[in-house]
Amino acid sequence: FLAKDGRVSKAWIFGSFARGDDEPDSDVDLMVKYSERASGTLQDYADIKFYLENLIKKRIDLVEEGFVKPFAEKSIVKDKILIYESIPFS
(Lines give C-alpha, C1' and ligand atoms only; values in the text may rest on other atoms or scores of the structure.)
Protein backbone atom coordinates (compact mmCIF):
# COMPACT_ATOMS: atom_id res chain seq x y z
CA PHE A 1 0.00 0.00 0.00
CA LEU A 2 2.67 2.55 0.97
CA ALA A 3 4.65 2.10 -2.25
CA LYS A 4 1.56 2.25 -4.44
CA ASP A 5 0.06 5.22 -2.57
CA GLY A 6 3.23 7.34 -2.69
CA ARG A 7 2.48 9.69 0.21
CA VAL A 8 4.95 8.09 2.63
CA SER A 9 8.70 8.00 1.99
CA LYS A 10 9.64 6.08 5.17
CA ALA A 11 7.79 4.13 7.85
CA TRP A 12 8.94 2.65 11.14
CA ILE A 13 7.22 0.48 13.73
CA PHE A 14 8.01 1.13 17.37
CA GLY A 15 6.60 0.17 20.73
CA SER A 16 5.45 -3.32 21.66
CA PHE A 17 5.50 -4.76 18.12
CA ALA A 18 9.05 -3.54 17.55
CA ARG A 19 10.17 -4.94 20.91
CA GLY A 20 8.34 -8.24 20.35
CA ASP A 21 6.25 -7.98 23.51
CA ASP A 22 2.91 -7.21 21.85
CA GLU A 23 -0.33 -8.77 23.04
CA PRO A 24 -3.31 -9.85 20.88
CA ASP A 25 -5.07 -6.55 21.61
CA SER A 26 -1.98 -4.33 21.18
CA ASP A 27 -2.15 -1.50 18.69
CA VAL A 28 0.60 -1.00 16.11
CA ASP A 29 2.71 2.11 16.67
CA LEU A 30 3.77 3.51 13.31
CA MET A 31 5.86 6.59 12.56
CA VAL A 32 5.90 7.94 9.01
CA LYS A 33 7.83 10.51 7.04
CA TYR A 34 5.71 11.99 4.28
CA SER A 35 7.11 12.18 0.77
CA GLU A 36 7.68 15.51 -0.94
CA ARG A 37 4.50 15.05 -2.99
CA ALA A 38 2.34 14.64 0.13
CA SER A 39 1.11 17.60 2.09
CA GLY A 40 0.88 15.76 5.40
CA THR A 41 -2.69 16.94 5.90
CA LEU A 42 -5.27 15.50 8.25
CA GLN A 43 -6.78 13.81 5.18
CA ASP A 44 -3.45 12.09 4.42
CA TYR A 45 -3.27 10.93 8.04
CA ALA A 46 -6.85 9.64 8.06
CA ASP A 47 -6.51 7.87 4.69
CA ILE A 48 -3.30 6.06 5.63
CA LYS A 49 -4.55 5.10 9.10
CA PHE A 50 -7.91 3.86 7.78
CA TYR A 51 -6.41 1.80 4.97
CA LEU A 52 -3.69 0.18 7.08
CA GLU A 53 -6.08 -0.63 9.95
CA ASN A 54 -8.41 -2.38 7.51
CA LEU A 55 -5.50 -4.17 5.86
CA ILE A 56 -3.93 -5.60 9.02
CA LYS A 57 -7.06 -5.69 11.23
CA LYS A 58 -5.30 -3.91 14.10
CA ARG A 59 -5.56 -0.41 15.52
CA ILE A 60 -2.78 1.88 14.32
CA ASP A 61 -1.28 4.69 16.38
CA LEU A 62 0.14 6.85 13.59
CA VAL A 63 2.62 9.66 14.22
CA GLU A 64 4.60 11.84 11.86
CA GLU A 65 8.39 12.01 12.14
CA GLY A 66 9.37 15.32 13.68
CA PHE A 67 6.06 15.72 15.51
CA VAL A 68 6.63 13.26 18.34
CA LYS A 69 6.00 14.42 21.88
CA PRO A 70 9.32 14.97 23.69
CA PHE A 71 8.54 12.49 26.49
CA ALA A 72 8.06 9.68 23.91
CA GLU A 73 10.95 10.47 21.59
CA LYS A 74 13.66 8.62 23.54
CA SER A 75 11.78 5.31 23.61
CA ILE A 76 10.74 5.64 19.95
CA VAL A 77 14.34 6.18 18.88
CA LYS A 78 15.40 3.14 20.93
CA ASP A 79 12.65 0.83 19.61
CA LYS A 80 12.00 1.92 16.04
CA ILE A 81 12.51 -0.47 13.12
CA LEU A 82 12.44 0.75 9.53
CA ILE A 83 9.77 -1.26 7.68
CA TYR A 84 9.40 0.79 4.49
CA GLU A 85 11.52 3.19 2.44
CA SER A 86 10.57 4.43 -0.99
CA ILE A 87 13.06 4.17 -3.81
CA PRO A 88 13.66 7.58 -5.38
CA PHE A 89 13.14 7.74 -9.12
CA SER A 90 15.97 9.14 -11.24
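Does the stretch 69-76 contain any residue that is of a type outside the set (A, V, I, L, M, F, W, C), in contact with a strand residue (DSSP E or B) (Cβ under 6 Å, 6 or more places away or on another chain) and not in a helix (DSSP H, G or I)? Please lay out each step first, then the result.
From the stretch 69-76, those of a type outside the set (A, V, I, L, M, F, W, C) are 69-70, 73-75; that's our starting set.
Filter once more, so that each one left must be in contact with a strand residue (DSSP E or B) (Cβ under 6 Å, 6 or more places away or on another chain): none.
No, there is no match, as no residue in the stretch 69-76 is of a type outside the set (A, V, I, L, M, F, W, C), in contact with a strand residue (DSSP E or B) (Cβ under 6 Å, 6 or more places away or on another chain) and not in a helix (DSSP H, G or I).
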Of the residues in the stretch 1-41 that are part of a helix (DSSP H, G or I) and modelled with pLDDT of 90 or more, the one that is surrounded by the fewest Cβ atoms within 10 Å (Cβ to Cβ) is Arg19
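The values are calculated or read from the model by the stated rules, or taken from the named source; none is laboratory data. What you are looking at is a predicted structure, and each value in this text was computed from that prediction instead of being measured. Quick reminder, even Gly has a Cβ in these numbers, built from the backbone with ideal geometry, and neighbours come from all protein chains shown.
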